[in-house]
1. Examine the stretch 134-147 for a residue that is modelled with pLDDT under 95, outside any helix (DSSP H, G or I), of a type in the set (D, E, K, R) and open to solvent by 40 Å² or more (accessible area, probe 1.4 Å), and state whether such a residue exists.
2. Which pairs do you get when a residue that is closer than 15 Å to Pro99 by Cα, found in the stretch 137-161, comes within reach of a residue that is among the aromatic types (Phe, Trp, Tyr) and within 16 Å of the ligand (Cβ to nearest atom), reach meaning Cβ atoms under 7 angstrom, with the pair 6+ apart or on two chains?
3. Go through the residues of the stretch 18-30 one by one and say whether even a single one is closer than 23 Å to Val126 by Cβ, open to solvent by 60 Å² or more (accessible area, probe 1.4 Å) and hydroxyl-bearing (Ser, Thr, Tyr).
4. Looking only at the stretch 104-119, decide whether some residue is of a type in the set (Gly, Ala, Ser) and farther than 26 Å from Leu183 by Cβ.
5. Filter the stretch 148-163 down to the residues that are in a loop (DSSP other than H, G, I, E, B) and touching a helix residue (DSSP H, G or I) at 6+ places or on another chain (Cβ under 6 Å), then identify the one that is farthest from the ligand (Cβ to nearest atom).
6. Exactly one condition in (1) over 13 Å from Trp159 (Cβ atoms); (2) open to solvent by 60 Å² or more (accessible area, probe 1.4 Å) is not met by Glu43; state its number.
7. Of all residues in the stretch 46-75 being open to solvent by 40 Å² or more (accessible area, probe 1.4 Å) and within 16 Å of the ligand (Cβ to nearest atom), which is nearest to Cys170 (Cα to Cα)?
8. Restricting attention to the stretch 76-97, and to residues there that are open to solvent by 10 Å² or more (accessible area, probe 1.4 Å) and β-branched (Val, Ile, Thr), which single residue is modelled with the lowest pLDDT?
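The values are calculated or read from the model by the stated rules, or taken from the named source; none is laboratory data. On a predicted model such as this, the values are computed, not experimentally measured, just so you know. All Cβ positions, even for glycine, are placed from backbone atoms using ideal geometry, and neighbour counts span all protein chains on display. Please note that ligands, DNA and RNA were not included when accessible areas were found on the heavy atoms of the full protein model with its side chains. Shrake-Rupley method; radii C 1.70, N 1.55, O 1.52, S 1.80 Å.
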Amino acid sequence: MTNAPENIVDLIEDIFLRRGAESYLGEQVTMAQHMLQAAQCAEEAGADNSQIVAALLHDIGHYKNEIPESSLARGINNFHEEAGANFLEDYFPTSVVEPIRQHVAAKRYLCAVDSNYFNLLSSASVHTLNLQGGAMSDKEVKEFEKNEYLEQCINLRYWDDQGKDPEKSCPSFSYYRALIDSLVKS
Ligand SMILES: [Fe+2]
């Protein structure tokens, strides 16, 4: 794909419908289940609309070949969190995009500051943690805590970790359609 999409929500829905059944990196749930469950966790926690949409879209960067090249060209490493955030930032406010950009960093952060957090991680997530640099250093922690969206980044991380239950049913993408539409920048 080379051109920017005309309607971002149609494009996202199309990705969910065509590719959502793909497996999620060694987890028991599909990609769509994972992201829909993360959004469900956000909603159940009473999160605001930006946080629900951030949870729903946080792993969109795993579909790198669905993302316009113009967005990927802005990436430095194009890891999935950066690829997804760079794709979404043209269409959604920072309150949606920043927690997505930081959702891997937030895992590294929580591993550094919360001794119980590591035990919550799935084995696949422990594996990727090592590839992602492990727990943050004290210096990285201090830097991360300057983020204006620190709380939202941490919340998203917990919902990300919770959204891996193969037994749990969740709403379909269409349930969130109007909510996503309402946050698209004009
Ligand atoms: Fe995730």
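1. Checked against the condition, which is being modelled with pLDDT under 95, outside any helix (DSSP H, G or I), of a type in the set (D, E, K, R) and open to solvent by 40 Å² or more (accessible area, probe 1.4 Å), the stretch 134-147 yields no hits at all.
2. These pairs meet every condition: Phe144/Tyr109.
3. Taking every residue of the stretch 18-30 in turn, at least one turns out to be closer than 23 Å to Val126 by Cβ, open to solvent by 60 Å² or more (accessible area, probe 1.4 Å) and hydroxyl-bearing (Ser, Thr, Tyr).
4. Yes, some residue in the stretch 104-119 is of a type in the set (Gly, Ala, Ser) and farther than 26 Å from Leu183 by Cβ.
5. Quick first cut of the stretch 148-163, residues in a loop (DSSP other than H, G, I, E, B) only: 148-149, 163.
In the following step, the residues that additionally are touching a helix residue (DSSP H, G or I) at 6+ places or on another chain (Cβ under 6 Å) were identified as 149, 163.
Details: Tyr149: 17, Gly163: 7 Å.
Residue satisfying both the conditions and the ranking: Tyr149.
6. So Glu43 meets the others, but not (1).
7. Checking each candidate, the answer is His62.
8. Only one residue tops the list, namely Ile76.
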